[in-house]
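The values are calculated or read from the model by the stated rules, or taken from the named source; none is laboratory data. Here the structure is a predicted model, which is why all the values come from computation and not from measurement. In this analysis, Cβ positions are derived from the backbone assuming ideal geometry, glycine residues included, and neighbour counts consider all displayed protein chains.
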Amino acid sequence: MDILTDREIQELIAEPKQLPTDFGLVALKTRRGSRFAGIDFATTAGNKYFIFLRQSLYNPLAFSAGLGYHLSTRDFRLKRYNGKFHEHTNPLEHETFYDFHIHMATERYQLRGNREDCYAERAGQRFGSLKDAFYCLMDDCNVVLPGPPEQRSLFRT
């Protein structure tokens, strides 16, 4: 199993990620009780990433926006921005909360046998919707939309 160090994780998150020019606007498709969209893309350095957006059809606070990295053997989730739809517990810290939160990959959780992004922190007032969560992901993970700034509208209304 591939385990990434905290340094490798931070380098991947910090790498500039220009989305492809044909990215266009996000149109969420209905799939198994949720609306979903995803995109795979590569950076100029050749690293392969994916972004996914998911929202429940029944609960607008049940959403997730995530950034992952395609390892040669599996997909590795770097960060995930979740809505306020479930209680989360960090097993190593014995901390439980019910709030908007951001999952992040850590070396120590991987070494313990947990999913790479098992650890999460409260998001505070940073986002309260899927759209805002995705904009936070873009800011935090160095993701840039194609085109001139005045035309960078993300979601179809």
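Okay, here's what the table says:
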| quantity | calculated |
| --- | --- |
| Per-region count, the range 110-127, residues outside any loop (DSSP other than H, G, I, E, B) and within 14 Å of the chain's Cα centre (by Cα) | 3 |
| Sole residue being over 20 Å from F134 (Cα atoms), small (G, A, S), out of contact with any Pro (no Cβ under 9 Å at 6 or more places or on another chain) and without any contact (Cβ under 8 Å) to a residue 24 or more places away in the chain, chosen from G33, G46 | G46 |
| Long-range neighbours under 7 Å by Cβ, at least six apart or interchain, first residue surrounded by 17 or more Cβ atoms within 10 Å (Cβ to Cβ) within the range 115-144, second in a helix (DSSP H, G or I) | E116/Y109; E116/Q110; C118/Y109; Y119/Y109; F127/A133; F127/C136; C141/I13; V143/L137 |
| Tally, over the range 113-151, of residues that are farther than 19 Å from S56 by Cβ and touching a Pro at 6+ places or on another chain (Cβ under 8 Å) | 5 |
| Residue list for the range 68-97, restricted to those being of a type in the set (S, T, Y) and either more than 24 Å from S34 (Cα to Cα) or at pLDDT below 95 (or both) | S72, T73, T96 |
| Condition check for I51: touching a residue at least 60 places away in the same chain (Cβ under 8 Å), under 30 Å from P20 (Cβ atoms) and surrounded by 22 or more Cβ atoms within 10 Å (Cβ to Cβ) | yes |
| The range 54-64, subset surrounded by fewer than 17 Cβ atoms within 10 Å (Cβ to Cβ) and among the aliphatic types (A, V, I, L, M), residue farthest from D139 (Cα to Cα) | L57 |
| Candidate set from the range 91-108 (those that are of a type in the set (A, V, I, L, M, F, W, C) and in a loop (DSSP other than H, G, I, E, B)); member that is farthest from Y81 (Cα to Cα) | L92 |
| Residue pairs meeting the criteria (Cβ under 9 Å; at least 6 apart or on separate chains; first within 20 Å of H101 (Cβ to Cβ) and in contact (Cβ under 8 Å) with a residue 12 or more places away in the chain, in the range 61-87; second crowded, with 22+ Cβ neighbours inside 10 Å and of a type in the set (V, I, T)) | A65/I51; G66/I51; L67/I51; G68/I51; K79/I102; R80/I102; Y81/I102; N82/I102 |
| Hits in the range 58-77 - residues which are of a type in the set (D, E, K, R) and in contact with a strand residue (DSSP E or B) (Cβ under 7 Å, 6 or more places away or on another chain) | D75, R77 |
| Identity of the residue in the range 78-99, charged (D, E, K, R) and within 13 Å of G124 (Cα to Cα), that ends up surrounded by the most Cβ atoms within 10 Å (Cβ to Cβ) | K84 |
| Given (1) surrounded by 14 or more Cβ atoms within 10 Å (Cβ to Cβ); (2) more than 24 Å from L145 (Cα to Cα), index of the condition R32 fails | (1) |
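A quick yes/no check of all residues on (1) surrounded by fewer than 17 Cβ atoms within 10 Å (Cβ to Cβ); (2) among the hydrophobic types (A, V, I, L, M, F, W, C); (3) at pLDDT below 95:
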position: G66; (1), (2), (3): no, no, no
position: H101; (1), (2), (3): no, no, no
position: R108; (1), (2), (3): yes, no, no
position: G113; (1), (2), (3): yes, no, no
position: F155; (1), (2), (3): yes, yes, yes
